[in-house]
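Trainee: First, the structure itself, so that you have it in front of you.
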């Protein structure tokens, strides 16, 4: 066995082979896959810097093939899962309506409510997986139209109202008049704010304070901030924001159902909107997540 160290290109080739094997089994671990691809890109850069350009170029083509297969597999999976989920959701909604199938006792109603709540949760997960897959593969295009942040926030309030009641939080909506008009994708902007508010509600002890504030800045800029009095984050946790499937190691976080996709999706959509997410946080005191958008008047 040679003691001579492997070249970056050789390391990259071995890593690419392992990733392709994972995809062929059609059961890749998304977290490991992301970390592996990041390492592969770094190795390829090193190889190119050492003048191994021809081989590195060929390996980049293999990498693109791996990424394409991963995105295609995920899209197919999402599509196939959504079909039976739509049917289950439809029947569970119908069964949950009083009198639809005749009298039901409390236990039967509880069973139906459990089915419905879980299918709604699954719909959210599948939607998140679809979004992160499209963002990573560059297949999302914004549908920009003229809108106001006031219109967007009404959709957000509707989405998070059940969560506010469940977690018994105090939520303040500081949305003044006279905010800049936006030319943006209102649906995706609502998704951004909903994810931030949902996190603030879930990771704040019951009876806490969550504040959603929008304000006009100079040059028709709109700043949106979501603040809470929750558990806060350590610097090393803030550094990992945007890493898919990452969740902080705190009992209030691990006790909640979640998959660590909300913030990566927020950051991905903000990048498409030429913006970025900013986080200010102190452990035990709470967090503020904010971003800015360019208005048109």
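Trainee: Based on the Cβ-Cβ distance of residue 166 and residue 142, what FRET efficiency does E = 1/(1 + (r/R0)^6) give at R0 = 45 Å, to the nearest 0.05?
Mentor: E between residue 166 and residue 142, to the nearest 0.05, is 0.90.
Trainee: While we're looking at this one, here's another question. In Å, what is the Rg of the alpha-carbon atoms in the stretch 145-294, and how long is Dmax?
Mentor: For the stretch 145-294, the Cα radius of gyration and maximum Cα-Cα distance read 14.7, 43 Å.
Trainee: Return 87, 275, 287 ranked ascending by Cβ neighbour count within 10 Å, so the fewest neighbours appear first.
Mentor: The most exposed by this proxy come first: 87, 275, 287.
Trainee: Give me the one-decimal nm value for the distance between modelled label points at residue 93 and residue 158, 7 Å along each residue's Cα-to-Cβ direction.
Mentor: According to this spin-label approximation, the distance is 1.2 nm.
Trainee: Would you mind computing, in nm to one decimal, how far apart the modelled labels at residue 254 and residue 125 are, each placed 7 Å from Cα along Cα→Cβ?
Mentor: Each label point is offset 7 Å from its Cα along the Cβ direction, giving 1.9 nm.
Trainee: Something else about it: Obtain the nm distance between the two label points defined at residue 80 and residue 101 by a simple spin-label model: each point lies 7 Å from its Cα along the Cα-to-C-beta direction.
Mentor: Calculated label separation equals 2.8 nm.
Trainee: Using a Förster radius of 45 Å, what is the FRET efficiency between residue 113 and residue 177 based on their Cβ-Cβ separation? Nearest 0.05, please.
Mentor: 0.65
Quick note: the coordinates plus some simple rules give every number you see, no bench work behind them. Computed from a predicted structure; not experimentally measured. Because the Cβ atoms are built from the backbone with ideal geometry, glycine has one as well, and the counts that use them run over all protein chains shown.
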